[in-house]
Amino acid sequence: MPGRTVASLLVECLEAEGVDYVFGIPGEENIHFVDALSSSSIRYILVRHEQGASFMADVYGRLAGRAGVCSATLGPGAINLLLGTADAQTDSTPLVAISATVGRERSYKESHQALDLAALFRPVTKRADVIPTPASLPEMVRRAFELAQTERCGAVYLGLPEDIEAAVPSGTSTPLPRRRAARETPRDAEVEAAAAILTGAASPIVLAGGGVARAGARACSALTRFAERHGITVATTFHGKGTIDDRHPNAVGPMGFMRHDYENFAFDEADVIVAVGYELQEFDPVRMNPDADKRIVHLHRFSPDTDAHYLPEVQVIGDIAETLEALTELVPARRGLSRADARIRELHRAELDRGAGDHSFPLKPQRIVADIRAAMDEDDVVLADTGAVKMWMARLYPTYRPNTCLISNALSTMGFALPGAVGAKLARPSARVLAVMGDGSFLMNSQELETAVRENVPLVALVWVDEAYGLIRWKMELELGRSSHVGFSNPDLVAYARAFGARGYAVTAAGELLPTLRGALADDAVSVIACPVDYGENTKLTDALGALTVAL
């Protein structure tokens, strides 16, 4: 093939892996790669900061169920990919990060922009390698995608030296075929042991994690049938939101708030915890098993790490849906739900209903959450950024489908939601996408508004405005009784949005938010809504939960 380079071969390999998008910024050292993409079936999404590219690939990978791909040049460009790559790794999301590296002729000595990038990426990936020869590229790309997409899913880094990128590959070098992933059938003995524990349990409870969402619709349906047949309460992690419909009578909501929240009371009463698709980085086990005295059954595709408060008596390793279906048949049907479960559901409903009816301004967080739920359809996608906004959205936002409320959970990364919304819309083009964030998070990656406008990726950014790092203020007030060094000022966010070519809206009364949200979501455009928020509710919430804990 005339003009074929290793960069062209890399693009051929990406096409063979089913890659639709590469998010990145070109540099001098990877121009052949970017040029080869321009004549391929892959759409290159030029971003404004490599961190944004990594978050786009991160969220795309979570929703598409296959590795998102981000790219950068060497040195500082590659380093900027680290945060989103680490976020994907800790949230068990498939991602492949590709960057240029210095050529082999200067890789062994001190040189301009020369860094050991594989060593930098290794702690935050499943594997990090530099491609050593043109002939090795097809094997290494195939291995990278297989590793990223095999449970436990995660991130893989590949470095491509600039001299190899421009080299001419052997005429016999071609992409390797993908292998069909084997379905792991759980062992009968493990399923029977889990069934025996459940049969003898007085007050079992299920904790559904992100692994259920990754396992897909069959696993979510199996979880619901299992809960219904056996009258078992189901709580979720933040990543597990929507794996059981929050309207279902067996669902009590998500675990993960920094205080003893409503769901914790159900765990207080439980004698057996059935952890389905749960991973320790999602939620500290000590919060659900403080005395390390509960019997634990672990259902997942892989074994957990070791934690004194999470020592499973039985591990059923294998396909999650198949495991739940087998247990549904083996465990005898149980009585209905406890009064405590109904009480937990009522507490959630009452808090959200009070918020929906609160017309004060600035808006209460509960009112904003209620209006977001009213504006969004069941399959629309909302991304809740890190900060006080995450706590309110994760706790209160009713979620009806898996992967429709996305949160950076394990790493709790600020600034992921706006660039992530670009990846979400490309992965789910039929869904409306809303990025919800505080003003601190918004300005961390607000430059990606220009990317969304230029690439015609419609999305809405709802900014909760309080001119402070609200979660840090909240925690300082809880622990120190005061706060400091958390306040800042903002530009005119409406004018700022319009300067990028986006639409801008300012909410000036409580009744304006819902119609503004509905209108912006209905537009085929990029929009920013600035909504003042009253975070005086933060300490009121933790005080109320503390009083409830004492009362119960």
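Can you confirm whether the range 326-337 contains a residue that is of a type in the set (Asp, Glu) and surrounded by 17 or more Cβ atoms within 10 Å (Cβ to Cβ)? No: the range 326-337 contains no residue that is of a type in the set (Asp, Glu) and surrounded by 17 or more Cβ atoms within 10 Å (Cβ to Cβ). Can you confirm whether residue 46 is closer than 21 Å to residue 130 by Cα, of a type outside the set (Gly, Ala, Ser), out of contact with any Pro (no Cβ under 7 Å at 6 or more places or on another chain) and surrounded by fewer than 24 Cβ atoms within 10 Å (Cβ to Cβ)? In short, no. Condition first: farther than 21 Å from residue 406 by Cα and buried (at least 23 other Cβ atoms within 10 Å of the Cβ). Can you find one or more residues in the range 101-109 that meet it? Yes, the range 101-109 contains a residue that is farther than 21 Å from residue 406 by Cα and buried (at least 23 other Cβ atoms within 10 Å of the Cβ). Suppose we keep only residues that are acidic (Asp, Glu) and part of a helix (DSSP H, G or I) within the range 294-325. Which one would you say is nearest to residue 206 (Cα to Cα)? Of everything passing the filter in the range 294-325, 325 is nearest to residue 206 (Cα to Cα).
With a requirement of 1 or more residues that are in contact (Cβ under 8 Å) with a residue 40 or more places away in the chain, the strands (runs of 3 or more DSSP E) lying completely within the range 56-137 that satisfy it span 68-72, 95-101. Residues that are in a helix (DSSP H, G or I) and either over 20 Å from residue 283 (Cβ atoms) or touching a Pro at 6+ places or on another chain (Cβ under 7 Å) (or both) within the range 189-211 comprise 189, 190, 191, 192, 193, 194, 195, 196, 197, 198, 199, 200, listed in sequence order.
Any idea which residue in the range 148-200 is farthest from residue 128 (Cα to Cα), counting only those that are at pLDDT below 95 and of a type in the set (S, T, N, Q)? Residue satisfying both the conditions and the ranking: 199. As an exercise: evaluate residue 378 against (1) assigned by TED's automatic domain parsing to the domain that holds residue 539; (2) in contact with a helix residue (DSSP H, G or I) (Cβ under 9 Å, 6 or more places away or on another chain) and give the number of the one condition it does not meet. So residue 378 meets the others, but not (2).
Can you tell me which residue is modelled with the highest pLDDT among those in the range 268-288 that are out of contact with any strand residue (DSSP E or B) (no Cβ under 6 Å at 6 or more places or on another chain) and surrounded by 21 or more Cβ atoms within 10 Å (Cβ to Cβ)? Of everything passing the filter in the range 268-288, 279 is modelled with the highest pLDDT. Of the residues contained in the range 276-293, one or more are found to be among the small types (Gly, Ala, Ser), closer than 24 Å to residue 383 by Cβ and within 24 Å of the chain's Cα centre (by Cα). Given the criteria among the small types (Gly, Ala, Ser) and either more than 28 Å from residue 3 (Cβ to Cβ) or surrounded by fewer than 24 Cβ atoms within 10 Å (Cβ to Cβ) (or both), does residue 92 qualify? When the stated conditions are applied, residue 92 passes them.
The rows are residues; the columns are (1) more than 27 Å from residue 85 (Cα to Cα); (2) in the same structural domain as residue 256 (by TED's automatic domain parsing); (3) of a type outside the set (Lys, Arg); (4) not in a strand (DSSP E or B).
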| position | (1), (2), (3), (4) |
| --- | --- |
| 140 | no, no, yes, yes |
| 147 | no, no, yes, yes |
| 157 | no, no, yes, no |
| 177 | no, no, yes, yes |
| 221 | yes, yes, yes, yes |
| 239 | no, yes, yes, yes |
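The residues on offer are 164, 205, and the sole one that is more than 30 Å from residue 322 (Cβ to Cβ), buried (at least 18 other Cβ atoms within 10 Å of the Cβ) and either β-branched (Val, Ile, Thr) or assigned by TED's automatic domain parsing to the domain that holds residue 295 (or both) is 164. Screening residue 441 against (1) outside any helix (DSSP H, G or I); (2) under 23 Å from the mean Cα position of the chain (by Cα); (3) closer than 22 Å to residue 49 by Cβ; (4) without any contact (Cβ under 8 Å) to a residue 60 or more places away in the chain leaves a single unmet condition, (1). Within the range 347-369, residues that are assigned to a helix (DSSP H, G or I) have Cβ atoms under 7 Å from residues that are basic (Lys, Arg) in these pairs: 355/364; 355/367; 356/367; 366/354, counting only partners at least 6 apart in sequence or on another chain.
Filtering 463, 457, 436 for residues that are modelled with pLDDT of 95 or more and either surrounded by fewer than 20 Cβ atoms within 10 Å (Cβ to Cβ) or part of a loop (DSSP other than H, G, I, E, B) (or both) leaves a single hit, 457. Given the criteria farther than 30 Å from residue 116 by Cβ and not in a helix (DSSP H, G or I), does residue 186 qualify? Yes: the conditions hold for residue 186. Just wondering, is there one or more residues in the range 69-82 that are farther than 21 Å from residue 445 by Cβ and surrounded by fewer than 23 Cβ atoms within 10 Å (Cβ to Cβ)? Checked the range 69-82: no residue is farther than 21 Å from residue 445 by Cβ and surrounded by fewer than 23 Cβ atoms within 10 Å (Cβ to Cβ).
Scanning the range 308-339 for residues that are modelled with pLDDT under 95, in contact with a helix residue (DSSP H, G or I) (Cβ under 6 Å, 6 or more places away or on another chain) and of a type in the set (D, E, K, R) gives a single hit, 334. Every residue in the range 469-521 that is acidic (Asp, Glu) and assigned to a helix (DSSP H, G or I), please. 477, 479, 512 - these are the residues of the range 469-521 that are acidic (Asp, Glu) and assigned to a helix (DSSP H, G or I). Of the candidates 406, 418, 411, 383, the single residue that is assigned by TED's automatic domain parsing to the domain that holds residue 447, within 24 Å of residue 512 (Cβ to Cβ), within 15 Å of the chain's Cα centre (by Cα) and not in a helix (DSSP H, G or I) is 383. Can you tell me how many residues in the range 231-259 are surrounded by fewer than 19 Cβ atoms within 10 Å (Cβ to Cβ) and not acidic (Asp, Glu)? Residues that pass the stated criteria total 6.
The values are calculated or read from the model by the stated rules, or taken from the named source; none is laboratory data. Quick caveat: nothing in here was measured; it's all calculated off a predicted structure. So basically every Cβ, Gly included, is an ideal-geometry build from the backbone, and we count neighbours across all protein chains shown.
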